[in-house]
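Report on one structure; see the data block that follows.
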Amino acid sequence: MALSIERKQLFTGLALSLVTVFFSSTVAAVGKHVSQEVHVSAIVLVQYGISFLFALPSVLRAGRSGLATSRPGIHLIRGMSGCACFYLYYIALSKISLVDATLLRSSAPLMVPLVIYLWFSQRVRRETWLPLVVGFLGVVLVLKPGAAGLSLWHLLALLSGLGLAVSMVSTRVLAQHEPQNRILFYYFSISLLFSLPFFLWNYQAIPASAWPGLIYMGVVIYLSFVMYTMAYRYVSAAALAPISYFGVVFSGLLDWLIWDHIPGALTMMGIACVILGGVLVLRHKEVPAA
């Protein structure tokens, strides 16, 4: 009976994670389409605005205690880095293929040990270096540097991965001290405030045809955060690590079905290296308490 329950929990956790990754891939595809109609700053603002409205009731029900936090600085770092991640990702999506942008953003686990080193002065473990080298070799293959130099849009996608890495580390630290509803509330509210000046600076009227896509993105992004959090209740982070890379597979399929884009041989080799390196790094990484 115990084994049956364990298998059920494993299946539930993996299923939640897989559904989350699939819907996140559809959000990216919709974002790539919508970015042709509206400025990226509007996409980010609406996304976080909708998510904030969904997260608000649970915190209000808890009263002042729901807002009390002992880690305001880390909440700020998480909100700003997460917002920067999406902002750069959507800019890159408007210029390069869906699979390239998604793969470079998914290089975040490779950057986590480096973020931990710079933030906590925790040395990169010896067994982590080989996966890092393999993973970053894959990044180079996707970037395809040549005589013309690196593509600015590919570099922005890579920087979005760095923003995601900082967000991942700060989230793991916050999870040791804060309840999930408070973490989500501060993340969405800080990201919303952080994105507002960019929206005002680049203000353009949002056409009616863009609103269905924007609403879909906001709702699904919030549900994805909730489902992925639920998945961690059933399965360890190490077990979920490989599932997150299905996002590259789903993005590749959507890229092919919608934009008729098929990755070249170098990109496919790069994808394999990044996934292998990322999975191995995720199995070894440790984030200290703060």
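Scan region 200-217 and give yes if some residue there is more than 14 Å from the chain's Cα centre (by Cα), closer than 23 Å to residue 111 by Cβ and in contact (Cβ under 8 Å) with a residue 40 or more places away in the chain, otherwise no. No.
Using the structure shown, decide if residue 46 is closer than 16 Å to residue 179 by Cα, in contact with a Gly (Cβ under 8 Å, 6 or more places away or on another chain) and surrounded by 16 or more Cβ atoms within 10 Å (Cβ to Cβ). When the stated conditions are applied, residue 46 does not pass them.
Going by the structure shown, is residue 290 of a type in the set (Gly, Ala, Ser), at pLDDT below 75, surrounded by fewer than 21 Cβ atoms within 10 Å (Cβ to Cβ) and touching a His at 6+ places or on another chain (Cβ under 9 Å)? The answer is yes for residue 290.
Residue-wise test of (1) modelled with pLDDT under 90; (2) in contact with a Leu (Cβ under 8 Å, 6 or more places away or on another chain); (3) not small (Gly, Ala, Ser).
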residue: 45; (1), (2), (3): no, yes, yes
residue: 59; (1), (2), (3): yes, yes, yes
residue: 76; (1), (2), (3): no, no, yes
residue: 85; (1), (2), (3): no, yes, yes
residue: 90; (1), (2), (3): no, no, yes
residue: 103; (1), (2), (3): yes, no, yes
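When region 93-125 is limited to residues that are small (Gly, Ala, Ser) and in contact (Cβ under 8 Å) with a residue 24 or more places away in the chain, the one that is surrounded by the fewest Cβ atoms within 10 Å (Cβ to Cβ) turns out to be 94.
Yes or no, residue by residue, for (1) touching an Asp or Glu at 6+ places or on another chain (Cβ under 7 Å); (2) assigned to a helix (DSSP H, G or I); (3) at pLDDT below 80; (4) under 30 Å from residue 69 (Cβ atoms):
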position	(1), (2), (3), (4)
196	no, yes, no, yes
212	no, yes, no, no
221	no, yes, no, yes
227	no, yes, no, yes
230	no, yes, yes, yes
248	no, yes, yes, no
269	no, yes, no, no
278	no, yes, yes, no
281	no, yes, yes, yes
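Working only within region 172-227, note down all residues that are among the aliphatic types (A, V, I, L, M) and under 15 Å from residue 90 (Cβ atoms). Of everything in region 172-227, those that are among the aliphatic types (A, V, I, L, M) and under 15 Å from residue 90 (Cβ atoms) turn out to be 206, 210, 214, 217, 220, 221. Assigned to a helix (DSSP H, G or I), under 14 Å from residue 84 (Cα atoms) and of a type outside the set (Asp, Glu): does that describe residue 166? Considered against the rule, which asks whether it is assigned to a helix (DSSP H, G or I), under 14 Å from residue 84 (Cα atoms) and of a type outside the set (Asp, Glu), residue 166 comes out as yes. Between 26, 12, the distinction of being more than 26 Å from residue 196 (Cα to Cα) and among the polar types (S, T, N, Q) belongs to 12 only.
The values are calculated or read from the model by the stated rules, or taken from the named source; none is laboratory data. The structure displayed is predicted, hence computed values, not measured ones. Here Cβ is always computed from backbone atoms with ideal geometry, including for glycine, and neighbour counts include all displayed protein chains.
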